[in-house]
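Peer 1: One structure follows; several queries about it will come next.
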Amino acid sequence: MSSVVRARRAVRETVSGLPPAFWWLWTSTLVNRLGAFVATFMALYLTLDRGYSATYAGLVAALHGLGGVISSLAAGVMTDRLGRRPTLLVAQVSTAVSVAALGFVRDPLAIAAVAFLVGMASNASRPAVQAMMADIVRPEDRIRAFSLNYWAINLGFAVSSMAAGFIAEYSYLAGFLIEALMTMVCAVVVFVKLPESKPVRSAEAAAREESVRLGTVLRDGRFMGVVGLSFLVALIFQQGFIGLPVAMGQAGFTPADYGMAVAVNGVLIVALQIPVTRFIEHRDPGRLLVISSLLAGYGFGLTAFAGSVGVFALTVCVWTLAEIVNAPTQTGLVVRLSPVHGRGRYQGMYTMSWAVAALIAPLMSGFVIDRFGAEWLWGMCAVVGTVAGLGYGLLMRRLPEEEKQAVAEGAQVVRGTPEVSAS
């Protein structure tokens, strides 16, 4: 009985103290991921349903990523200038329209063009979501809030990936339309329930904001080091949705097989994200980032030895643990290194690291699988994970001690000055 009481207390402590606006943003995230389809099954749609090669599928996915690269920086600037809420509304409505259109186009050039637009629209919401969450949650609660949001992403993903596998066997078009509808529901939630969270600017704050431009972010060597390492980690994780489905498809597995294997990712995150976050919340972030990078690289490396759905699922377990540790730790580090008055631009640059990975990973995986075979792709993942782990170790060793403490314990220190929370 005492274990039940402790579990209830842990859950209560995890979810308590967060503002209502956070929970509406969390709800919007959950609804969005419940309808996710394109990112998960685009490769299978193009190779199995449309009959295109892995190289063409990689090219289309790369154009999707290129759209995200372009929109990341633009959306970061919009988030700072126009506000979080308008940026979210524009991004989500545009995503719904473009995803629906993608389900109807048939010409190869049209598919590529619309995929590019989908990438632009869908990625534009990320800087706004991250900035809004940082605005409305107290600094000491951010690791917990980011973890809960990541939990919502993967709860939705766990449900949608299993359902979408069977939907794909019935109709890919239905999947596109469901995602469009769910994304539009997210826009309605934002419009009705979420107020603008951008901190009210004093004249001094406005002047500081004007002084932060994209060039300022690029000259911030410490932050750009985080962006570069984030890119390497993202390059690995992208293979779960690009290289893995193509490799499984070529090995004779069905979309439902892939859906069941990759759904383990979402199920484990739903089950473990909250307790693991409680365990790592005040531990050394540098060590956590090194460990998670190695787990990601070698988790995918083990895929070279998989020959059944069960073994594929076991490899998913390894790199999922890496995600569980990496996601809140890295996001917390990014927020701590981002000045409040330039949060949108900094978040846009960080988001771009994932968008660039989404651009390069499909080209890389398609080329490597077609030319050398999937085993070489998984070996490359192990190498990249090792490089990222070494990089995080060096970066955190150079980080000032007070900022290490701020990341690890949630102290209200950002760039040596007290942070005033918008909430």
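The values are calculated or read from the model by the stated rules, or taken from the named source; none is laboratory data. Predicted model only: the values in this text are computed from it and were never measured. Here the Cβ positions follow ideal geometry from the backbone for every residue, glycine too, while neighbour counts run over all protein chains shown.
Peer 1: Show the residue pairs that are 6+ apart or on different chains and have beta-carbon atoms under 8 Å apart, the first residue being within the range 112-132 and under 16 Å from PHE41 (Cα atoms) and surrounded by fewer than 24 Cβ atoms within 10 Å (Cβ to Cβ), the second being among the hydroxyl-bearing types (Ser, Thr, Tyr) and modelled with pLDDT of 80 or more.
Peer 2: Partner pairs satisfying both residue conditions: VAL114/SER98.
Peer 1: Is it the case that some residue within the range 354-369 is of a type outside the set (A, V, I, L, M), part of a helix (DSSP H, G or I) and in contact with a Phe, Trp or Tyr (Cβ under 6 Å, 6 or more places away or on another chain)?
Peer 2: Within the range 354-369, none of the residues are of a type outside the set (A, V, I, L, M), part of a helix (DSSP H, G or I) and in contact with a Phe, Trp or Tyr (Cβ under 6 Å, 6 or more places away or on another chain).
Peer 1: Can you tell me which of THR386, THR315 is β-branched (Val, Ile, Thr) and either surrounded by 22 or more Cβ atoms within 10 Å (Cβ to Cβ) or closer than 26 Å to ARG138 by Cα (or both)?
Peer 2: THR315
Peer 1: Is one or more of the residues making up the range 53-68 farther than 18 Å from ARG126 by Cβ, part of a loop (DSSP other than H, G, I, E, B), modelled with pLDDT under 85 and not acidic (Asp, Glu)?
Peer 2: Checked against the condition, which is being farther than 18 Å from ARG126 by Cβ, part of a loop (DSSP other than H, G, I, E, B), modelled with pLDDT under 85 and not acidic (Asp, Glu), the range 53-68 yields at least one hit.
Peer 1: Taking the criterion of being closer than 23 Å to PHE37 by Cβ, at pLDDT 85 or above, part of a helix (DSSP H, G or I) and acidic (Asp, Glu), would at least one residue in the range 168-187 satisfy it?
Peer 2: The answer is yes; a qualifying residue exists.
Peer 1: Here is a follow-up. Can you go through ILE291, ILE280, ILE324 and tell me which one is under 25 Å from MET396 (Cβ atoms) and out of contact with any Leu (no Cβ under 8 Å at 6 or more places or on another chain)?
Peer 2: Only one candidate qualifies: ILE291.
Peer 1: Still on this structure, please answer the following. Restricting to the range 78-101, give me the number of residues that are assigned to a helix (DSSP H, G or I) and surrounded by fewer than 18 Cβ atoms within 10 Å (Cβ to Cβ). Talk me through it step by step, then tell me what you get.
Peer 2: First pass over the range 78-101, keeping only residues assigned to a helix (DSSP H, G or I): 78-81, 84-101.
Of the ones still in play, those that are also surrounded by fewer than 18 Cβ atoms within 10 Å (Cβ to Cβ) are 81, 86, 97, 101.
Number satisfying all stated conditions: 4.
Peer 1: Checking PHE104 against (1) among the aromatic types (Phe, Trp, Tyr); (2) buried (at least 22 other Cβ atoms within 10 Å of the Cβ); (3) not in a helix (DSSP H, G or I): exactly one of these is not met. Which one?
Peer 2: Among (1) among the aromatic types (Phe, Trp, Tyr); (2) buried (at least 22 other Cβ atoms within 10 Å of the Cβ); (3) not in a helix (DSSP H, G or I), PHE104 violates only (2).
Peer 1: Residue pairs, Cβ under 6 Å, 6 or more apart or interchain, first in the range 300-313 and among the aliphatic types (A, V, I, L, M), second modelled with pLDDT of 90 or more and surrounded by 21 or more Cβ atoms within 10 Å (Cβ to Cβ). List them.
Peer 2: If the second residue must be modelled with pLDDT of 90 or more and surrounded by 21 or more Cβ atoms within 10 Å (Cβ to Cβ), the pairs left are LEU302/THR315; ALA304/TRP378; ALA306/PHE312; ALA306/THR315.
Peer 1: Now for a different question. Taking only the range 119-139 into account, find how many residues are outside any helix (DSSP H, G or I) and under 11 Å from THR351 (Cα atoms). First the steps, then the outcome.
Peer 2: So the first thing to find is which residues in the range 119-139 are outside any helix (DSSP H, G or I), and the list is 124, 137-138.
Add one more test, that the residue is under 11 Å from THR351 (Cα atoms), and what stays is 124.
So the answer is 1.
Peer 1: Could you please find all residues in the range 313-340 being farther than 11 Å from LEU268 by Cα and of a type in the set (D, E, K, R)?
Peer 2: Residue satisfying the conditions is ARG336 alone.
Peer 1: Here is a check on your reading of the model: is ALA134 at pLDDT below 85 and over 21 Å from the mean Cα position of the chain (by Cα)?
Peer 2: When the stated conditions are applied, ALA134 does not pass them.
Peer 1: Answer yes or no: is there a residue in the range 194-205 that is outside any helix (DSSP H, G or I), buried (at least 21 other Cβ atoms within 10 Å of the Cβ), of a type in the set (Ser, Thr, Tyr) and at pLDDT below 80.
Peer 2: yes
Peer 1: If you check ARG142 against the conditions, is it of a type in the set (D, E, K, R), buried (at least 23 other Cβ atoms within 10 Å of the Cβ) and part of a helix (DSSP H, G or I)? Before you say what the answer is, go through the steps one by one.
Peer 2: Working: of a type in the set (D, E, K, R): yes; buried (at least 23 other Cβ atoms within 10 Å of the Cβ): no; part of a helix (DSSP H, G or I): yes.
Answer is no for this residue.
Peer 1: Tally time: how many residues in the range 275-297 are surrounded by 20 or more Cβ atoms within 10 Å (Cβ to Cβ) and modelled with pLDDT under 85?
Peer 2: Counting residues in the range 275-297 that are surrounded by 20 or more Cβ atoms within 10 Å (Cβ to Cβ) and modelled with pLDDT under 85 gives 4.
Peer 1: While we're here: Do we find that ARG33 is within 24 Å of the chain's Cα centre (by Cα), of a type in the set (Lys, Arg), under 30 Å from PRO255 (Cα atoms) and modelled with pLDDT of 65 or more in this structure?
Peer 2: Yes: the conditions hold for ARG33.
Peer 1: Among PHE237, PHE231, which is surrounded by 15 or more Cβ atoms within 10 Å (Cβ to Cβ), under 23 Å from ARG345 (Cα atoms) and at pLDDT 75 or above?
Peer 2: Of PHE237, PHE231, the one residue that is surrounded by 15 or more Cβ atoms within 10 Å (Cβ to Cβ), under 23 Å from ARG345 (Cα atoms) and at pLDDT 75 or above is PHE231.
Peer 1: So LEU73 clears everything in (1) at pLDDT 80 or above; (2) surrounded by fewer than 24 Cβ atoms within 10 Å (Cβ to Cβ) except one condition, right? Which one?
Peer 2: (1)
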